[in-house]
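Chemist: After the structure tokens below, expect a handful of questions from me.
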Amino acid sequence: MGLGPRSPHQAGRRFPAGGKRGRGAKGSGRPPAGRQRPPCPPPDGRSEPAPDAYPHLSPEALGYFRRALSALKEAPETGEERELMVHNILKEVEAQALALATNRTGSEMLQELLGFSPLKSLCRVWAALRSDLRFVACHRCGVHVLQSALLQLPRLLGSPAEEEEEEEEEGKDGPLETLEELVLGLAAEVCGDFLFYCGDTHGSFVVRTLLQVLGGTLLESERARHRGSQSPEAQRAPTRECKPTDFEVPETFLNCLQDVSSCFLKDIAVFITDKISSFCLQVALQILHRKRPQCCAHLCNAVIGYLSSRNSSADGSPLLLFLRDQTSSRLLEQVLLVSEPPRLQSLFEDHFRGQLQTLAAHPIANFPLQRLLDAITTPELLSPVFEELSPALEAVLAQGHSGVVIALVGACRRVGTHQSQVLQLLLEAFHCAEPSSRQVACVPLFAALMAYEVYYGLAEEEGAVPAEHQVEMATARDLGEVTVLGSLLLQHLLHFSSPGLILRSLGALTGPQLLALAQSPAGSHVVDAVLTSPSVTRKQRRHALKTLKGQYVALACSRHGSRVLDAIWSGAALGARKEIAAELGERNQELIRDTFGHHVARNVALTTFLKRREAWEQQQGAVAKRRRALNSVLED
């Protein structure tokens, strides 16, 4: 964001778009999330076998599995031939499971093969790796095979047909443990040397995946980490952000989850301060919060109790020292997110009160503060937080910690209080509160995270009376770059109970400016918010988006704009649909030839509209009728 000369901070500065977070994010104050650790010796003092003691995969075998996997992908998705092919390939895998798992290319192929595996074959491969479980779990390639095996459980667990087949063949090939027994056996092995597995760079991935499987919840963040280890072809596959996925697990898994989680309490100091081990505790908190809330609260109390018992910092609670630490602050973020409202209120009063502005300015501690704001659900907690943090809103923006401000606005949206106050503070921070004519320019300023003077390139002297907004200047300028945080800010504001000012500012944009917003990867979600916010009436929606008329073809031929147009079309009445179809029909051939436009043309049924208008109107009328009926059912 940009600060104009009237700011108490340096004149002409942009408000940075917010400290990035993640692996080695520039300016985040965080190092890369992973790290290489020296191999830990076994706890009983025995030496690990030399690498040459393990089998190696020959080039001929590697070629065979590559051809087999290719043939399997080309085979029909169902049928006896495919089942026989899978059975034969996995029979060969069973004989060379360890060599495959610890070979880089072989590991990638084995991960894909496990995705095709039936229950019995998976158990056999797992059993073949069990004798070398410690080596495989801590191997840079083998760990991903174990993860893939664990991630097959939602697909295979409790399959009646497979269970019957397993029982039929048990006597023929000797006893074979069930999938449930194999998972519980892995959990017992992990619990037997918990600190080693959690602290190992690769072994910690197995622990985190095991926790998710035992709890019957797959976290999207952990699935994304696992996808990063796949082949380049798999990495190119499109991924979508989604919520944690739950699946049914036996009661023995949930009991085992509690047993595994109790291991954290024995060495809580290690899991708070060690970077790799801390990830396991963070995942455990997320899973327990969903499946065993009491165990989650017990772990949270243990974390806070340990940190609170350390030496006090000079400026207050000992917790403040850990909020500024790269490792423990991440764990505290998770503790804040899973804490219940009474516990959150207590944490604020005992440790955060009076320190919010200091935390907001810190390059690391501002992230736990954001999670605190994200977790607020009661006006009793939001009110003192808002009162303490709001006076420093512009300073926080100037320091580049825009995420704190976005989180505060999100809390106001969620709780439903302080909305008009925070909007006024934002107008003042972006220097568009006075004179009032400037308020109509707030949308492009918020989107670009720039103050008024910086956005329009004005050179106002400090202390001078702010100039009135010049409409000609605003309409002549192209829309500035829409930042991700700016888009999030506008989305929150559009869901306020009174989003009138934001809607008026959107309505003041020219057609090309609104088109640029809709075509932007981040800005398109602002238009989505206009279409979906319950606070925006149909009349307000039409007025805010009216300047898109005449821009529909350009919108349809854009990757993100075409999605916006589809959303507009879905909510449009018959009259509005006729206008859209008529405008698109004038350039039908251009749409059909375009990568994105031809999908819009098909969705609009443009050919029918141009050639059989009456049939098209009947069709659209029927669609509208079904939509009204569905809406009435949902409202009831």
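The values are calculated or read from the model by the stated rules, or taken from the named source; none is laboratory data. These numbers were taken from a predicted model, which means no experiment stands behind them. Here the Cβ positions follow ideal geometry from the backbone for every residue, glycine too, while neighbour counts run over all protein chains shown. All accessible areas refer to the heavy atoms of the entire protein, side chains included, with ligands and DNA or RNA removed. Shrake-Rupley method; radii C 1.70, N 1.55, O 1.52, S 1.80 Å.
Chemist: Of all the C-alpha pairs in the range 246-301, what % are more than 19 Å from each other?
Modeler: Above the 19 Å cut-off, the range 246-301 has 26 percent of its Cα pairs.
Chemist: For the range 526-605, what is the accessible area per residue in Å² when the probe is 1.4 Å?
Modeler: Accessible area per residue: 50 Å².
Chemist: Please arrange 432, 557 by accessible surface area, largest first, computed with a 1.4 Å probe and ligands excluded.
Modeler: Ranked list, largest accessible area first: 557, 432.
Chemist: Same structure again: Residue 582 to residue 623: FRET efficiency via 1/(1 + (r/R0)^6), r the Cβ-Cβ distance, R0 25 Å, to the nearest 0.05?
Modeler: 0.90
Chemist: Would you mind checking 73/120; 578/625; 546/611; 73/243; 549/611 for any pair whose Cα atoms are more than 18 angstrom apart?
Modeler: Among 73/120; 578/625; 546/611; 73/243; 549/611, the Cα-Cα distance tops 18 Å for 73/120; 546/611; 73/243; 549/611.
Chemist: In addition: Compute the separation of the alpha-carbon centres of the range 372-410 and the range 328-349 and state it in Å as a whole number.
Modeler: 15 Å
Chemist: Between residue 72 and residue 468, how high is the FRET efficiency from 1/(1 + (r/R0)^6) when r is the Cβ-Cβ distance and R₀ = 56 Å? Nearest 0.05.
Modeler: Using R0 = 56 Å, I get an efficiency of 0.20.
Chemist: Moving on. Lys and Arg at +1, Asp and Glu at -1: add these up for the other residues within a Cβ distance under 13 Å of residue 422 and post the number.
Modeler: Counting the neighbours of residue 422, the net charge comes to -1.
Chemist: Let me spell out the model: positive unit charges on the Cβ of Lys and Arg, negative unit charges on the Cβ of Asp and Glu, origin at the Cα centre of the range 406-537. What dipole size does that give, in debye rounded to 20?
Modeler: Computed charge dipole of the range 406-537: roughly 640 debye.
Chemist: I'd like the accessible area for residue 552, computed on protein heavy atoms only with a 1.4 Å probe and all protein chains in place. Round to 10 Å², please.
Modeler: The accessible area of residue 552 comes to roughly 30 Å².
Chemist: Sorting 124, 67 by accessible area (1.4 Å probe), largest first, what list results?
Modeler: 67, 124
Chemist: Then there is this: Leaving ligands, DNA and RNA out of it, work out the accessible area of residue 295 with a 1.4 Å probe and give it in Å² to the nearest 10.
Modeler: 40 Å²
Chemist: Follow-up. Roll a 1.4 Å probe over the protein chains and send me the accessible area per residue for the range 251-329 in Å².
Modeler: 40 Å²
Chemist: Evaluate the distance, in nm, between pseudo-label points positioned 7 Å from the Cα of residue 349 and of residue 497 along their respective Cα→Cβ axes.
Modeler: 2.6 nm
Chemist: With each label point set 7 Å from Cα along the Cα-Cβ vector, what nm distance links residue 542 and residue 220?
Modeler: Modelled inter-label distance: 3.5 nm.
Chemist: What are the residues whose amide H is under 5 Å from the amide H of residue 469, where those residues sit 5 or more places off or on another chain and H is modelled from the backbone?
Modeler: Hits under the 5 Å cutoff: 437, 438.
Chemist: With label points built 7 Å along Cα→Cβ from the Cα atoms of residue 326 and residue 608, find their separation and express it in nm.
Modeler: In this crude label model, residue 326 to residue 608 measures out at 6.0 nm.
Chemist: Report the paramagnetic label zone for residue 254: residues of the range 289-306 whose backbone N is under 13 Å from a point 7 Å from Cα along the Cα-to-Cβ axis.
Modeler: 289-295
Chemist: Another question, then. Starting from the Cα of residue 378, move 7 Å in the Cα-to-Cβ direction to define the label point; list residues of the range 348-369 whose amide nitrogen is under 15 Å from there.
Modeler: 348-350, by backbone N distance to the label point.
Chemist: Let me ask something else about it. With r defined as the distance between the Cβ atoms of residue 56 and residue 191 and R0 fixed at 41 Å, what FRET efficiency is calculated, to the nearest 0.05?
Modeler: E(calc), rounded to 0.05, equals 0.85.
Chemist: Ranked by accessible surface with a 1.4 Å probe, highest first, in what order do 324, 593 come?
Modeler: Heavy-atom accessible area, descending, gives 593, 324.
Chemist: Using alpha carbons only, how many angstrom separate the centre of the range 546-601 from the centre of the range 100-137?
Modeler: Here the answer is 49 Å between Cα centres.
Chemist: Another question about this same structure. If you count only protein heavy atoms and use a 1.4 Å probe, how large is the accessible surface of residue 496, to the nearest 10 Å²?
Modeler: About 10 Å², ignoring ligands and nucleic acids.
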